[in-house]
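J.: Here it is: the structure, laid out below.
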Amino acid sequence: MNSIIRMKTYLDDKILSVSDFEKLLALNNDAITSIITRFIDLCKPSKIRVISDSEEDIKYVRNKAIELNEEMRLKVEGHTIHYDGFYDQARDKENTKVLIPKGNYASPWINTIDRDEGLVEILDIMDGCMKGKECLVRFFCLGPINSKFTICALQLTDSFYVAHSEDLLYHVGYEEFKKLNGSDDFFYFVHSAGELTEGIPVTKSVKDRRVYIDLSERRVLSCYNQYAGNSLGLKKLALRLGIYKANNEDWLTEHYFILGVHPKGKNRISYMCGAYPSACGKTSTAMLPDQTIVGDDIAYLRVWDDGYAHAVNIEKGIFGIIKDVNPQDDPVIYDALTTPRELIFSNVLIKDGSPYWIGMGKEHPKKGFNYSGDWFEGKKDKNSNLILHAHPNARYTIRLSELANVDSMLEDPNGVPIDGIFYGGRDSNTMPPVLESLDWEQGIFLGASIESETTSATLGTVGVRTASPMANLDFLVVPLGKYLINHQKFGNSLIHTPKVFATNYFLKGKNGKYLNGILDKKVWVIWAEGRTKGDYKAITTPIGYLPLYKDLKRLFELELNKTYSKEEYLEQFTVRITQLLEKLERVEKMYKTEKNIPQFFWNILYQQRKELTDLKKKYGKTNILPEELL
């Protein structure tokens, strides 16, 4: 009750209104009021505004973002533009740290700091960070309303852009918080952009940027940043809290899209999940033509009464990379971005109220305004680097319901039953375009051994393979061994265990050209869906099941009206023993740096190595054609 007394002083000091005080009292939750008073006293805002689920409150947030220039209106109705600071354009991996209590195991793959030391540091930095500003108290749901999946999320922020973005991306949660009946079983996030510049308001002191994940308290403390990957608590920061919670409660929080697959000639829909590292085809798979999308980024999976794994999209919107979105390759998204609706662009060029981004399919103006201020062709930064008209990591924020291909099950509180899971990486010479794991545990191995090659868009050497287990390594907050064991338990508890597939859209031929066409992935996905229904037979290999040529030939004709030759098939689906053995060596080396990797993982690795070596001896060669294994 001390927190209620403290709140009454906010009333006396005129920083909290009577109506907002009553909104907090109606929640009847001491944990919430304790958190609010603690961080109001620390951050010292000049005003507190409590936002409920009402249309009036939510409208206030958007209007205030525009009034304060955190967003600016554009020519098309409903469109606004937001700018982050020049040096605040992406996730800050260096200063994003997991707080680990003394004596607890710190995985070498996780950026950690001693919890006591980290809290002293960030609480000192946050002291007074909201001075002269308004603190918004927000209530959201991660997952659909009235669902067993749903986790409540409390957000305190002084950024109206952050709050407006969350209104597009997440479900309202004030009424859901009332259902907690005083429980503290929720995530919470405290964010401050800190002192802002005049004119276009961006964070002044990015040197103090910190994003600290405190697993013990189910919270994230983030300050002196605006870029959504660092500031939107409910995005990748909540993903980390969800991974921790799931791995201690025997369910899954994953970096998955959820796709509704509609094979031609079949009166059915099958739901598939998938995880891909950045620039490996995740969005293009989630947005395949003639299919429907449930989610593009993060999913919760639970064991359901029907024996299936059910999944929900924890979001209701997309915070998407806008680079290369064009009318030819992305017609659904492009249409949504160029017609009236509520959406936020960030860090693109604006000229005469219109946005221009990299790869949009039309010429951009030679002058305008962007994340560097007034921009002109040839402008350079202080290090003499060319400043592009839009940032390569520029974004759009939009509701999923605005897309023409949204699935009807988007808001279903029971989620969707999952028939299959895809894992994919960027691999020029090893894995085939698609294969199915032999069983669930080998499927875990497939996901755990994802690699992705660096490209010309990445700093450093091109073609370097980096490991990305389940495309989740950047967000893991539990040791890899624990993570893999939880996957094993989860799958073994199901009656209808999803089939697991690996895809590779980046296999190259001897001439260095890609062997896959851009839309060929549709055939790989439809074949995989058919395997979950028993439609197709397959070839058994040490690394998994491969498609038969006759089935792919038919699917290329049916789905793409395209001829698929036997020569293409043989080149794409040859079992490349030398490269596969080299991959196993890299995987073994990586996982031997981590403690307590489960024995099933090593059994699969050693078995694959033995069987591949035996194949090499049997055939006297290193490249085995798929039909030789029939």
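The values are calculated or read from the model by the stated rules, or taken from the named source; none is laboratory data. Remember, it's a predicted structure, so these values are computed and weren't measured experimentally. We place every Cβ from the backbone using ideal geometry, glycine too, and count neighbours over all the protein chains shown. The protein model used for the area step is the full one, side chains on, heavy atoms only, and it has no ligands, DNA or RNA in it. Shrake-Rupley method; radii C 1.70, N 1.55, O 1.52, S 1.80 Å.
J.: Out of the residues in region 280-320 that are of a type in the set (S, T, N, Q) and assigned to a strand (DSSP E or B), state the one that is surrounded by the most Cβ atoms within 10 Å (Cβ to Cβ).
T.: Per the stated criteria, the residue is Asn313.
J.: Take the residues in region 253-286 that are more than 23 Å from Leu435 (Cβ to Cβ) and at pLDDT below 95; name whichever of them is farthest from the chain's Cα centre (by Cα).
T.: Filtering first and then ranking leaves Gly265.
J.: Would you confirm, using the coordinates I've provided, whether Thr503 is in a strand (DSSP E or B), open to solvent by 40 Å² or more (accessible area, probe 1.4 Å) and either closer than 15 Å to Thr253 by Cβ or not charged (D, E, K, R) (or both)?
T.: Details: in a strand (DSSP E or B): yes; open to solvent by 40 Å² or more (accessible area, probe 1.4 Å): no; either closer than 15 Å to Thr253 by Cβ or not charged (D, E, K, R) (or both): yes.
Judged against the criteria, Thr503 is not a match.
J.: Another question about this same structure. Can you tell me which condition Leu337 does not meet? The list is (1) within 26 Å of Asn230 (Cα to Cα); (2) out of contact with any strand residue (DSSP E or B) (no Cβ under 7 Å at 6 or more places or on another chain), and all the others hold.
T.: The failed condition is (2).
J.: Looking at region 480-500, which of its residues are in a loop (DSSP other than H, G, I, E, B), open to solvent by 40 Å² or more (accessible area, probe 1.4 Å) and closer than 30 Å to Tyr105 by Cβ? Talk me through it step by step, then tell me what you get.
T.: Narrowing region 480-500 to residues in a loop (DSSP other than H, G, I, E, B): 493-495, 497-498.
If we keep only those that are open to solvent by 40 Å² or more (accessible area, probe 1.4 Å) as well, we get 493, 495, 497.
Selection gives Ser493, Thr497.
J.: Name the residue, out of Asn603, Asn561, that is of a type in the set (S, T, N, Q), more than 16 Å from Gln442 (Cα to Cα) and open to solvent by 10 Å² or more (accessible area, probe 1.4 Å).
T.: Values: Asn603 fails: more than 16 Å from Gln442 (Cα to Cα).
Only one candidate qualifies: Asn561.
J.: Here's something else I'd like to know. May I ask you to say which residue of Ile113, Ile48, Ile122, Ile66 is touching a helix residue (DSSP H, G or I) at 6+ places or on another chain (Cβ under 9 Å), among the β-branched types (Val, Ile, Thr) and in a helix (DSSP H, G or I)?
T.: Ile66
J.: Still on this structure: If I go through region 522-550 residue by residue, how many of them are over 30 Å from the mean Cα position of the chain (by Cα) and within 30 Å of Glu582 (Cα to Cα)? Steps first, please.
T.: Taking region 522-550 and keeping what is over 30 Å from the mean Cα position of the chain (by Cα), we get 534-542, 548-550.
So of that shortlist, the ones also within 30 Å of Glu582 (Cα to Cα) come out as 537-542, 548-549.
The total comes to 8.
J.: Being assigned to a helix (DSSP H, G or I), hydrophobic (A, V, I, L, M, F, W, C) and either at pLDDT below 90 or touching a Leu at 6+ places or on another chain (Cβ under 9 Å) (or both): is that true of Met470 here?
T.: yes
J.: To continue, here is another question. Take Glu94 and decide whether it is open to solvent by 40 Å² or more (accessible area, probe 1.4 Å) and not in a helix (DSSP H, G or I).
T.: On the way: open to solvent by 40 Å² or more (accessible area, probe 1.4 Å): yes; not in a helix (DSSP H, G or I): yes.
Yes: the conditions hold for Glu94.
J.: One residue is enough: does region 425-447 have a residue meeting the conditions open to solvent by 10 Å² or more (accessible area, probe 1.4 Å), assigned to a loop (DSSP other than H, G, I, E, B), under 30 Å from Lys245 (Cβ atoms) and out of contact with any strand residue (DSSP E or B) (no Cβ under 8 Å at 6 or more places or on another chain)?
T.: yes
J.: Kindly list the number of the only condition in (1) open to solvent by less than 20 Å² (accessible area, probe 1.4 Å); (2) touching an Asp or Glu at 6+ places or on another chain (Cβ under 9 Å); (3) assigned to a loop (DSSP other than H, G, I, E, B); (4) not basic (Lys, Arg) that fails for Val477.
T.: (2)
J.: In region 230-259, what count of residues is obtained for those that are open to solvent by less than 10 Å² (accessible area, probe 1.4 Å), in contact with a Lys or Arg (Cβ under 8 Å, 6 or more places away or on another chain) and assigned to a helix (DSSP H, G or I)?
T.: Residues in region 230-259 being open to solvent by less than 10 Å² (accessible area, probe 1.4 Å), in contact with a Lys or Arg (Cβ under 8 Å, 6 or more places away or on another chain) and assigned to a helix (DSSP H, G or I): 2 in total.
J.: Please work out which residue is most open to solvent (accessible area, probe 1.4 Å), limiting yourself to region 203-229 and to residues that are of a type in the set (Asp, Glu) and not in a strand (DSSP E or B).
T.: Looking at residues that are of a type in the set (Asp, Glu) and not in a strand (DSSP E or B), I get Glu217.
J.: Name the single residue that is nearest to Leu560 (Cα to Cα) among those in region 260-279 being assigned to a strand (DSSP E or B) and open to solvent by less than 10 Å² (accessible area, probe 1.4 Å). Lay out the reasoning, then the answer.
T.: Applying the first criterion (assigned to a strand (DSSP E or B)) to region 260-279 yields 260-261, 270-275.
Remaining after also requiring open to solvent by less than 10 Å² (accessible area, probe 1.4 Å): 260-261, 270, 272-275.
Numbers: Gly260: 18, Val261: 15, Ser270: 19, Met272: 20, Cys273: 22, Gly274: 22, Ala275: 24 Å.
In this case the residue turns out to be Val261.
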